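Note sheet for the following structure.
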Amino acid sequence: MRVVVLVKMTKVIRGNPYRTDNLEALLNEKNLALAVNSYDLAALEEAQQLKELYGDVHITAVTAGPESAVKALRVARGMGADELIWLDRPAFAGGQEMELARLLAQEVSGRGFDLVLCGLKSDDVGTGMVGVALAGLLGVPAVTRSVNIGLQVGRGSLRVERHVGKGNREVVQCPLPAVVTVERSRQAPRYPGVARYLTAGKKIVRKDGTAGLQPVTAPVIPLETKKAQPRPKKIFIPDENLSGADRMKMIMSGGMARKKKKKAQTQVSGSEQLYNFLLKHGFIERL
Amino acid sequence: MERVRKEMEQQRLWVVAESQGEELKESTYELLTEVARLAAQRGNKVMVLLDTAGDIALEKMAEELGVYGAEAILPLASAGQNSSRQVGEAIAALAKELHPDAVFIAETIWGHEVASWTAAGLGTALLADCVELGLGVNQELTMSRHVYGDTVAIKFAAAGEQTLVVTVQSGLFNVKKSFPGQKARLLERHPARAGVCESVKVLEFIKADPKTVDIIDAERLVVGGKGMGTAENYALIRETAEVLSAAVGGTRVARDNGWVSLVRQIGQTGKTVAPELLISCGVSGAIQHTMGLKETKCLVAINTDKHAPIHKLADLSIVEDAPKVLAEFIAKMKTTAERRQSV
Ligand SMILES: Cc1cc2nc3c(=O)[nH]c(=O)nc-3n(C[C@H](O)[C@H](O)[C@H](O)COP(=O)(O)OP(=O)(O)OC[C@H]3O[C@@H](n4cnc5c(N)ncnc54)[C@H](O)[C@@H]3O)c2cc1C
């Protein structure tokens, strides 16, 4: 089985990002470290799991980007990839996901594949759309957010457990060839083997990553970049159904809950308070 | 048909609704309220696109969504299972023809997928997880999104004629009936079928088990810190978790003491959790711990020290001995359960 894993390096801010309000300093090259995208590590681990479980799996790792992107391939080799492809080109900017998807589709369909694995999204500026766009371009089915990938008997299709929120999982069957985006691997990604990591350079095949591609114009232009404010919460407004006096009370107290909280501390025992609170908020049911 | 197309072309802003059984999700109403506000400022109309695979009563929905600002409703007839690709590709095909200025979708698992398929179908970028919408000097749409793990915000403005595909975080906007008396027009059903994805079949659904679920995904958590004192007392945390169908978490001190494993540690060197309910017992609330709590919806703190920082974050503060409170609580829950059985 031919498995292609798409990997990339992401930018991470070194140290505590809240330490300064000076954005320029924060986003200075010196302050940014490169790391292999965490979801891609999970994808590499799942590929390796398939190899160990079923044998006869050939893993090709593909990355697109400048010289610095090559480290992702070294890590992939360390984690067991058999073939390494580097599509040499300048780094993609935000908004160019479609161009990247086209480049990858060109490479992947050119070499033939049974399964493409990629990370759910990238850690830095990711929108999580490349895997989906790739499946669209290749005209194959896609399964997103996998947490466990296996082969069905006969090996013509996959059995994928995917995360559908709050830890719940959905099991789907998907015919091959297909694209699967990986949210988590069934066990923590392994450490790359040092010997393989160090000798990976010899394995890397460099290709021109700029050939035959039409540039995509971004639909938006950036206006300004600033420090993110903590997520705004919904502004508190009293319920319209309350009487005027109650609304006034609510506004002055900043909400009923706060007032209750103070009062409750004195009279009832702690376990009663806990029980009543959970009851009131619907976490437990009355008798 | 021609007339319908002409009418649909007037709707410059589209909102994709997400259903949950017979209802629409709260996030859909939030988004619709906000988009309708922008539309009113720009003199635009809003069309809501609705996947009809759920048990939605369309007539009733048309009546209801109007007051939030919807001018028209377009039902999309998908096959149900795995509908995100069908819906997304159908929206892309429609948008290619009708050129709306933007398609807005609330950021959920389903919403994100629909948006990805829509953007891919249109060959455009996806503006995912936006936190703010607005208008620029020339009435062009603007939106901000956070990057680098929520530390940097970038504001974008629409440029050119391409349709934007935007997902917006939920929980940011108030729901408001800004258009009393308005009733949305119900348009003819539009098919949403994509051949290739129907080959993906759902085999089963596995409900998360609170005992084994990753604490990142847990809906409820009971967290114990050093204040629990001993391993025996820590068993009360597990027992409380069991009666509430919650998962167990811990502070670093709890982990150092061997009461929980590293995968259950919350905080800077552990995990960030996002439960609906978290009961924190014998935890001081050190910043390295609380930074892992910032997505928690409802927090109960039990700590003997009334000045402990954890109380500042709490929706309910209990200043008492945590093991005692938990033991009594468990006993109360058990007697209630017994009485329920005997009734
Ligand atoms: C670089 C770094 C990274 C760190 N990362 C993490 C991390 O990821 N996660 C993490 O949790 N910590 C982390 N820490 C440690 C953190 O600073 C705190 O030391 C830790 O969170 C405190 O744990 P605690 O609340 O269990 O214990 P304490 O701070 O000792 O608090 C115990 C609390 O229990 C209360 N108490 C005592 N007896 C009772 C009783 N009978 N009933 C009720 N309450 C009682 C006390 O009043 C006190 O407030 C990190 C520290 C550093 C320096």
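The values are calculated or read from the model by the stated rules, or taken from the named source; none is laboratory data. Keep in mind that this is a model prediction, so the values were computed, not measured. With ideal geometry, Cβ positions are generated from the backbone for all residues, glycine too; neighbour counts draw on all protein chains shown.
In the same structural domain as B:Lys155 (by TED's automatic domain parsing), touching a Ser or Thr at 6+ places or on another chain (Cβ under 9 Å), of a type in the set (Val, Ile, Thr) and surrounded by fewer than 23 Cβ atoms within 10 Å (Cβ to Cβ): is that true of B:Val103 in this structure? Judged against the criteria, B:Val103 is not a match.
Take residues that are facing another protein chain (nearest Cβ under 7 Å) and tell me which of the strands (runs of 3 or more DSSP E) falling wholly in segment A:159-218 contain 2 or more.
Where strands (runs of 3 or more DSSP E) fall fully within segment A:159-218 and carry at least 2 residues being facing another protein chain (nearest Cβ under 7 Å), they are A:169-175.
Does segment B:30-60 hold any residues that are over 29 Å from B:Asn138 (Cβ atoms) and in a helix (DSSP H, G or I), and which are they? Explain how you work it out, then say what you get.
Here is the first cut: in segment B:30-60, the ones over 29 Å from B:Asn138 (Cβ atoms) are B:50-60.
Selection gives B:Leu58, B:Glu59, B:Lys60.
B:Asp150 passes every criterion in (1) in contact with a strand residue (DSSP E or B) (Cβ under 6 Å, 6 or more places away or on another chain); (2) within 23 Å of B:Gly111 (Cβ to Cβ) apart from (1).
Residues in segment B:322-343 that are at the interface with chain A (Cβ under 8 Å from one of its Cβ atoms), crowded, with 18+ Cβ neighbours inside 10 Å and within 9 Å of the ligand (Cβ to nearest atom): B:Val325 only. B:Val67 meets each of the listed conditions (1) buried (at least 23 other Cβ atoms within 10 Å of the Cβ); (2) among the β-branched types (Val, Ile, Thr); (3) more than 12 Å from chain A (Cβ to nearest Cβ); (4) more than 19 Å from the chain's Cα centre (by Cα) apart from (1). With respect to (1) in contact with a strand residue (DSSP E or B) (Cβ under 8 Å, 6 or more places away or on another chain); (2) near the ligand (Cβ under 9 Å from one of its atoms); (3) not hydrophobic (A, V, I, L, M, F, W, C), the lone exception for B:Thr269 is condition (1). Any residue at all in segment B:283-291 that is more than 8 Å from the ligand (Cβ to nearest atom), part of a loop (DSSP other than H, G, I, E, B) and out of contact with any Phe, Trp or Tyr (no Cβ under 6 Å at 6 or more places or on another chain)? No: segment B:283-291 contains no residue that is more than 8 Å from the ligand (Cβ to nearest atom), part of a loop (DSSP other than H, G, I, E, B) and out of contact with any Phe, Trp or Tyr (no Cβ under 6 Å at 6 or more places or on another chain). Within segment B:155-174, the residues that satisfy the criterion of being surrounded by 21 or more Cβ atoms within 10 Å (Cβ to Cβ) and more than 21 Å from the chain's Cα centre (by Cα) are B:Phe156, B:Ala158, B:Thr163, B:Leu164.
Of the residues making up segment B:153-175, those that are under 18 Å from B:Asn44 (Cβ atoms) and in contact (Cβ under 8 Å) with a residue 60 or more places away in the chain number 7. Exactly one residue among A:Leu176, A:Leu115 is within 18 Å of A:Leu44 (Cβ to Cβ) and of a type outside the set (Gly, Ala, Ser), and that residue is A:Leu115. In segment B:242-252, the condition of being more than 11 Å from every other protein chain (Cβ to nearest Cβ), of a type in the set (A, V, I, L, M, F, W, C) and within 14 Å of the ligand (Cβ to nearest atom) is met by at least one residue.
Mind checking which residues of segment A:172-204 are loosely packed, with under 12 Cβ neighbours inside 10 Å and β-branched (Val, Ile, Thr)?
So the first thing to find is which residues in segment A:172-204 are loosely packed, with under 12 Cβ neighbours inside 10 Å, and the list is A:187-188, A:191, A:194-195, A:202.
Passing the criteria: only A:Val194.
On inspection, A:Gly94 fails the criterion of being surrounded by 19 or more Cβ atoms within 10 Å (Cβ to Cβ) and either without any contact (Cβ under 8 Å) to a residue 24 or more places away in the chain or outside any helix (DSSP H, G or I) (or both).
Take A:Lys51 and tell me if it is part of a helix (DSSP H, G or I) and at pLDDT 95 or above.
Values: part of a helix (DSSP H, G or I): yes; at pLDDT 95 or above: yes.
The answer is yes for A:Lys51.
Checked against the criterion of being modelled with pLDDT under 95, more than 17 Å from A:Gly282 (Cα to Cα), among the acidic types (Asp, Glu) and more than 8 Å from the ligand (Cβ to nearest atom), segment B:294-315 has at least one qualifying residue.
Scanning segment B:23-50 for residues that are of a type in the set (D, E, K, R) and within 18 Å of the chain's Cα centre (by Cα) yields a count of 5. In segment B:308-317, the condition of being more than 8 Å from chain A (Cβ to nearest Cβ), of a type outside the set (Asp, Glu), touching a residue at least 40 places away in the same chain (Cβ under 8 Å) and surrounded by fewer than 22 Cβ atoms within 10 Å (Cβ to Cβ) is met by no residue. Restricting attention to segment B:272-282, the residues that are within 12 Å of the ligand (Cβ to nearest atom) and assigned to a loop (DSSP other than H, G, I, E, B) add up to 3.
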